[in-house]
1. Would you mind stating whether Ala189 is assigned to a helix (DSSP H, G or I) and under 29 Å from the mean Cα position of the chain (by Cα)?
2. Taking the residues in the range 170-186 that are open to solvent by 40 Å² or more (accessible area, probe 1.4 Å) and in a helix (DSSP H, G or I) as candidates, determine which candidate is farthest from Lys100 (Cα to Cα).
3. Quick one: how many residues across the range 106-123 are within 15 Å of Ala155 (Cβ to Cβ), of a type in the set (A, V, I, L, M) and open to solvent by 40 Å² or more (accessible area, probe 1.4 Å)?
4. Identify the single condition in (1) open to solvent by 50 Å² or more (accessible area, probe 1.4 Å); (2) touching a helix residue (DSSP H, G or I) at 6+ places or on another chain (Cβ under 6 Å) that Leu129 does not satisfy, given that it satisfies every other one.
5. Could we say that Glu165 is under 16 Å from Ala105 (Cβ atoms), out of contact with any Phe, Trp or Tyr (no Cβ under 6 Å at 6 or more places or on another chain) and either of a type in the set (Ser, Thr, Tyr) or open to solvent by less than 40 Å² (accessible area, probe 1.4 Å) (or both) here?
Amino acid sequence: MKSNLWSRIRAAGFCAAFSLALFLAGCTTAASSASTAPSSSSQALSEAPASQAVPSGEDDTGPAPSVDGTENGFNGLTDPTEAFSRGLGWGPGTAGTSLKQAAAAASMMDWAEENGAAGRSAESLNDCLSGWFGSLDALDQENFAEAWPLIESSAQRILEDPEAEAAVLADAGVEEAPTCSKEDWDAFAGAMNAVVPAPQQ
């Protein structure tokens, strides 16, 4: 009797183990199939023609569009407002005129060099400088017309003998003496002289 009972228990255990093995084998097969599905999908996408992968009109691999130089209002030249601001608010007879004109000259010389004035057309320089001068109110225009000859003469002295002007520039707060070439300055000064009216006597 005992032997018959143990035989039944062993048979039941064997069936249970066999059923569990079949169940686990089925799960493993399903999981394997699921994991390979995305791979097939990815492969299909990678093999798709390039014209289908990127919709027309959305290709951003080309160079960024360049801004036309005329769009900044100064014909491709940098905005002179800050560089020229040192030429405003003072004039002949103002306290510290020699320092103010040296600082203004240095700033304008830096601008002329930065923009390669000698390589620019007279028209582009004239348009830029006349645009800046025209943006000033009447008082600032008159003020700058009086200061400009002093600024120009100071720039000439810097060009001719920068070492002699070094002390004046340092006192004026100019950290580095301008390295503007005579050609750049002459082109700039010529355009400015064409724009700025002679000071009223």
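1. yes
2. That would be Glu183.
3. Number satisfying all stated conditions: 1.
4. That leaves (1) as the condition not met.
5. So Glu165 fits the description; yes.
Residues are listed down the side, and each one gets a yes or a no for (1) more than 16 Å from Pro80 (Cα to Cα); (2) more than 33 Å from the chain's Cα centre (by Cα); (3) open to solvent by less than 50 Å² (accessible area, probe 1.4 Å):
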site	(1), (2), (3)
Ala104	no, no, yes
Leu125	no, no, yes
Ser135	no, no, no
Glu146	yes, yes, no
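The values are calculated or read from the model by the stated rules, or taken from the named source; none is laboratory data. Here the structure is a predicted model, which is why all the values come from computation and not from measurement. Counting neighbours? That spans all protein chains shown, and the Cβs are built from the backbone with ideal geometry, glycine included. Ligands, DNA and RNA are excluded from the accessible area calculation, which covers all protein heavy atoms including side chains. Shrake-Rupley method; radii C 1.70, N 1.55, O 1.52, S 1.80 Å.
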